[in-house]
Amino acid sequence: MSDPLLTAQDLFDLASQENDPACPNCAAHDFSCWETILSTFDRESLKCVGTLKDPDADDIWDEYHPNGTTMWSNNAPIAVKFHPYARSDVHQCQTCQKVYLRYTEYGGYYVDERIRVVKPELVELNSSLSKDTL
Ligand SMILES: [Zn+2]
């Protein structure tokens, strides 16, 4: 069975459950913006709980930055129908419930596994928002 497709609301609800303070593994790593997963980060504590990859959607490369952020900003909105969120899986720390997005960037000569923590206040909840409405 494939992972359930999550909506922006699902993601917001999940990320709102996280414990404070974070577990030592999560607390030791700041993934506020997209980062390459460091080898010091214990991935075994993460469990895949869903995906944002809609199998019926077209490939999306547009990004959503209404306030002048970039993909690398730590305050960039998390808009699930836009790149790179639309190709991310949703993972949750089994210790402190912190929620992360992960996707793999395939470059010409490299494969880069990236991760970003989900802050609920950054999740774009306007579910009708898609590249067709821009
Ligand atoms: Zn944790």
Round to the nearest 0.05 the FRET efficiency obtained for GLN94 and SER32 when R0 = 30 Å and r is the Cβ-Cβ distance.
0.90
Using only DSSP helix segments of four residues or longer, with each worth -39500 (n - 2.57), what per-residue ellipticity at 222 nm results for the chain after dividing by its residue count and rounding to 500?
-2000 deg cm²/dmol
Once each part is reduced to its C-alpha centroid, what is the distance from the stretch 11-90 to the stretch 96-116 in angstrom?
8
Give me the dipole magnitude in Debye, nearest 20, for the stretch 8-120 about the Cα centre, with unit charges on the beta carbon: positive for Lys and Arg, negative for Asp and Glu.
200
Taking the Cβ of LEU46 as the centre, find all other residues whose Cβ is under 11 Å away and add up their charges (Lys, Arg: +1; Asp, Glu: -1).
+1
Those residues of the stretch 65-106 whose amide nitrogen sits under 13 Å from the label point placed on GLN17, 7 Å along Cα→Cβ
91-100
Among LEU38, LEU14, LEU52, which one shows the biggest mean-square fluctuation in a GNM of the chain, springs joining Cα atoms closer than 10 Å?
LEU38
Which ordering of ILE78, ILE37, ILE115 is given by a fewest-first count of other beta-carbon atoms within 10 Å?
ILE37, ILE115, ILE78
Looking at HIS83, VAL49, PRO66, which one has the Cα that reaches farthest to the positive end of the dipole of the stretch 8-120 (charges on Cβ: Lys, Arg +1; Asp, Glu -1)?
VAL49
Using modelled amide H (1.01 Å from N, peptide plane; none on Pro or chain starts), what sits under 5 Å from the amide H of GLY50, excluding residues fewer than 5 places away?
VAL90
Mean separation of Cα pairs under 8 Å and 6+ residues apart, divided by the residue count of the chain: what relative contact order is that in percent?
33
Suppose each label sits 7 Å from its Cα in the direction of the beta carbon; what would the ASP112-SER73 distance come out to in nanometres?
1.9
Where in the chain is the longest stretch that carries no chymotrypsin sites (Phe, Trp or Tyr not before Pro) classed as loop by DSSP and with at most 13 other Cβ atoms within 10 Å?
1-60
Positive-end extreme of charge dipole, the chain - chosen from PRO24, THR7, THR36 (charges on Cβ):
PRO24
Taking K and R as +1 and D and E as -1, what net charge do the other residues with C-beta under 14 Å from the C-beta of ASP3 add up to?
+1
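Taken together, the values in this text are just the output of simple stated rules run on the coordinates, not laboratory data. Note that the coordinates shown come from a computational prediction; the quantities given were computed from them, not determined experimentally. Quick reminder, even Gly has a Cβ in these numbers, built from the backbone with ideal geometry, and neighbours come from all protein chains shown.
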